[in-house]
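Derivation of every value follows stated rules applied to the coordinates shown; laboratory data play no part. Just so we're clear, the structure is a prediction, and the values are computed from it rather than from any experiment. Because the Cβ atoms are built from the backbone with ideal geometry, glycine has one as well, and the counts that use them run over all protein chains shown.
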Amino acid sequence: MIQADYNIADNLPESLNRENLKQVAQLIDDKLHELNMLSELVSIYPRIDELSSALIDALAIQFHVDFYDTSLPLDKRRALVKNSIRWHMRKGTAGVVQEVVQTVFDSGVVSEWFEYGGQPYHFKVDLLSAPEITPENIDLIVKCINTVKNVRSWLDGLGFRRNCTGITHYGIALHMHKKYSIGPAQIRDASANGGFFVGGASHIHKRYKIEQTSIHDTSLYSPYKAGGGVYMYKKYRIEEEV
């Protein structure tokens, strides 16, 4: 049960549950509820986001906020008051300088001297994107940094960033062509295999030599003979019958 919803008059024991005692218990309940409502005013730190501008300015003095300007928006002043105790524990470090600058101006990165080749114990703050950069704003930034930095460190400069919006148009064109290349054939990675063969043959022949012989004192004798023969045949005639 929530304490604010608890009523003594509704939870009296049976021995005290009489009308006159209920009225007394109800009166006590009303006063306790008033005290509960007033007790919220005592709880200040958890209610910073609900406090008025005048109370926030008073708390800035009470909490010894290092950098505070009443001209800042209420939400930024609340953030400075809310974080002041935590920043006091790390006061003078580069991390606190960066956190305070980001709280007040919504951006800012601290670069120490060894990160950009500067002189020892020097630093700079870059990437500030304040909407309007005026001499008053620059003085306020420098005042903020000098308030929370350590004494031995020196501010080299401030860097600002501006975002520009532009439209980029791209065009394309279609180009078609054919390319013919005429040239001598090139043989790459070619190999040739060859073999050497030796053969033989056997040839056998005879040679005859014919020479003309001279004939001397030769006579020829040729007898004459006659002969005859008998030849017989029959003749047949074949006619087509109509």
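Worth pointing out:
- Taking packing as the residue-averaged number of other Cβ atoms within 10 angstrom, the listed peptides 162-171, 97-106 run from highest to lowest as 97-106, 162-171.
- Isotropically averaged projected area of segment 138-181, using the convex hull of Cα atoms (one quarter of hull area), nm²: 8.8 nm²
- Alpha carbon centroid spacing (whole Å) that separates segment 118-167 from segment 35-95: 24 Å
- Derived from the Cα gyration tensor, the three semi-axes of the equivalent ellipsoid of segment 55-169 are 25, 21, 11 Å, largest first.
- Measuring spread by the Cα atoms of segment 70-125 yields a radius of gyration and Dmax of 13.0, 39 Å.
- Cα-only Debye scattering, segment 45-89: base-10 log of I(q)/I(0) at q = 0.33 Å⁻¹: -1.45
- Computed lengthening from Leu16 to Gln102, 0.36 nm per intervening residue step minus Cα-Cα distance: 24.7 nm
- Alpha carbon Rg of segment 1-113, scaled by the compact-globule rule 2.2 N^0.38 Å: 1.76
- Note on segment 91-162: antiparallel DSSP beta bridges, both residues inside, total approximately 40 percent of the bridges counted.
- Extension gain from Lys143 to Gln23, taking 0.36 nm per residue of separation minus the Cα-Cα distance: 36.9 nm
- With both residues required to sit in segment 25-169, DSSP beta bridges show an antiparallel share near 40%.
- Size of charge dipole - segment 45-89 - debye, nearest 20, with Cβ of Lys, Arg +1 and Asp, Glu -1, no other charges: 120 debye
- Extension gain for the segment Phe160 to Asn83, taken as residue separation times 0.36 nm less the Cα-Cα distance, is 25.2 nm to one decimal.
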